[in-house]
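What follows is one structure encoded as structure tokens, with my remarks underneath.
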Amino acid sequence: MTFRTMTAAAALAMLVPAFATADPDAKLVVNGEIEMVTETEAPEHLEGLRTIRSGWTFRTEETQALQMDDFDNPAMIFVDQARDVWNTVEGDAGESCASCHGEPESLRGLRAELPKWNEEKGEVYTAEMYINDCRTERMGAEPWGWDSQPMKNMTALISSVSRGMTVDVAIDGPVREAWERGKEIYYTRYGQLELACANCHEDNYDNYIRADHLSQGHINGFPTYRLKQANLVSKHNRFRGCIRDTRGVPYAIGSEDFVALELYVASRGNGLSVEGPAVRN
Amino acid sequence: MAENVKARVRAPRSASAGEVATIKTLISHPMESGQRKDSQGNTIPRSIIHRFTCDFNGENVIDVKMEPAISTNPYFEFEAKIPEAGEFKFTWYDDDGSVYEESATVEVS
Amino acid sequence: MDFTRRETLALGAGAAALTLLPAGAYAATVDELVNEFTGGADVADGGVNLDAPEIAENGNTVPISVSADGATAIMVLAAGNPTPPVATFNFGPLAGSSSASTRIRLAGTQDVIAVAKMADGSFARTSKEVKVTIGGCGG
């Protein structure tokens, strides 16, 4: 019947834009040279997913395009700012980052395995913790706030030199206890809405929560430039936001609990590429 | 001047005479719209970059009047004719009177 | 610029309130701006291209492109913003084309309007609706 056909067509026309997502086979190549793995087999320890997908695959074409060229990616201006700071002497010891590390590129590979066990300190270490140790112990400078702009800029710089490398976070040995704690947090329901990380990012990825297209919640693109904040956003800031959205009381940014969660969530993305600083909505 | 303003520009290092090249620019700036209120309910005063210009060897390529609806960290992409070797000059004008400048030289082969 | 969830909602509410005003009262602002730009000259439909996403993932950063062959200037307006002006691109003698791209703020679903001033003094206009989603995840 013509009428029914038209109604169906009209209904479809209304539905399509609301769920218009980018081409599922789109490839992420940054600057025409860094090829990213955006979809691969889930790591063995991850029972709830067969395939892991970068957050990039959940974004619209327009947002995806912003990450494909460093002159379109607004995060890179903060990476530039961090490069200036890298070469600037600060603190009592008369040292800059460059004094010990030379070029930032010398840290290529670090981001792919963080967080990791720091033998000397006897705890799991994130990029922020390594940076502040350098500042306080080697440079004699004040530590940066975990979520401060200079810290986000510097973690973005350090991540940027590892882009395209495969995330490979260790989950055994001395980090195991923290990893188990992180896993426990991931599957614990928080807040008045009683939502665990897994409820959105494992059970319902690719579905919509209001107008938000739920991703698998990997952190290989962090720190990421969020269009909403128009700024770099740290992993812990995003964790805090998610728990707050459950109407729960989040752990503190930089807390041992969030470091444990960071380790566990990072390990769920083992096999994807380091994308940070990525661009997300 | 807004804190720690930094610009990025992409222009070709070399071109053939008369070539049309794509130029991209980005500058870090909060572009405070004047529409927001602080936690006490007071309006945060407008503080934006209100004009951007690009010139090549003193001749204008583009001159943009910018309003508070331009996003934080303003980005522009446009095309420029490169008639001869020379220098691009990029200028951003802040509400507070600050002027931010960037340049890029182009060789002609 | 860091919009909290509440501020974003407030912006959205502001836009909603504006749309409740009598159409004539609000449309005047856009019309006035167009009139100011054209000096009251007739404006043809078409002849100017405006690229914008059908759905913007976030209203804070919406990529748009405008172009119009032979235009000396293109003005962009966002009809549903608290103040509609967005930008005016003036193309100089060394412009490689009369085109430009930028990223803009949209306070909600609304029409984005581009008006081009041609070299011969005529004007052309186009508009495109951009839906702005309000996500579930404040962050």
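The values are calculated or read from the model by the stated rules, or taken from the named source; none is laboratory data. Predicted, not measured: the structure shown is a model, and the values here were computed from it. Positions of Cβ are generated from backbone atoms using ideal geometry, with glycine treated the same way; all protein chains shown enter the neighbour counts. Keep in mind that these areas ignore ligands, DNA and RNA; they rest on the heavy atoms of the full protein, side chains included. Shrake-Rupley method; radii C 1.70, N 1.55, O 1.52, S 1.80 Å.
Points worth noting:
- Accessible surface, the stretch B:12-109, averaged per residue in Å² (probe 1.4 Å): 43
- Protein accessible area in the protein assembly as shown, 1.4 Å probe - carbon and sulfur %: 50
- For the stretch C:25-130: accessible area per residue (Å², 1.4 Å): 37
- Using a 1.4 angstrom probe on protein heavy atoms only, the contact between B and C buries about 2600 square angstrom of accessible area, both sides summed.
- Accessible surface buried upon B-A contact (total; probe 1.4 Å; Å², nearest 100): 1200
- Residues of the stretch A:222-269 buried by at least 40 Å² on assembly (accessible area, 1.4 Å probe, chain alone as reference): A:L227, A:K228, A:Q229, A:A230, A:D245
- Per residue, the accessible area of the stretch A:169-247 comes to 43 Å², computed with a 1.4 Å probe over protein heavy atoms only.
- For the stretch B:33-66, residues shielded by at least 20 square angstrom of accessible area compared with the chain on its own, probe 1.4 Å: B:Q35, B:R36, B:K37, B:E59, B:N60, B:V61, B:I62, B:D63, B:V64, B:K65
- Panel note: contact residues of the stretch C:38-76 (accessible area lowered by at least 20 Å² against the chain on its own; 1.4 Å probe) correspond to C:P53, C:E54, C:I55, C:E57, C:N58, C:N60, C:T61, C:P63.
- Label point 7 Å beyond Cα of B:V99 along Cβ direction - residues of the stretch B:1-35 with amide nitrogen under 18 Å: B:1-2, B:5-7
- Across all directions, the average flat footprint of the convex hull enclosing the Cα atoms of the stretch A:230-274 is 3.9 nm².
- Kirkwood estimate for the protein assembly as shown, i.e. one over the average of 1/r between Cα atoms, Å: 24.8
- The A and C chains share an interface that buries close to 2000 Å² of accessible area, total over both sides, probe 1.4 Å.
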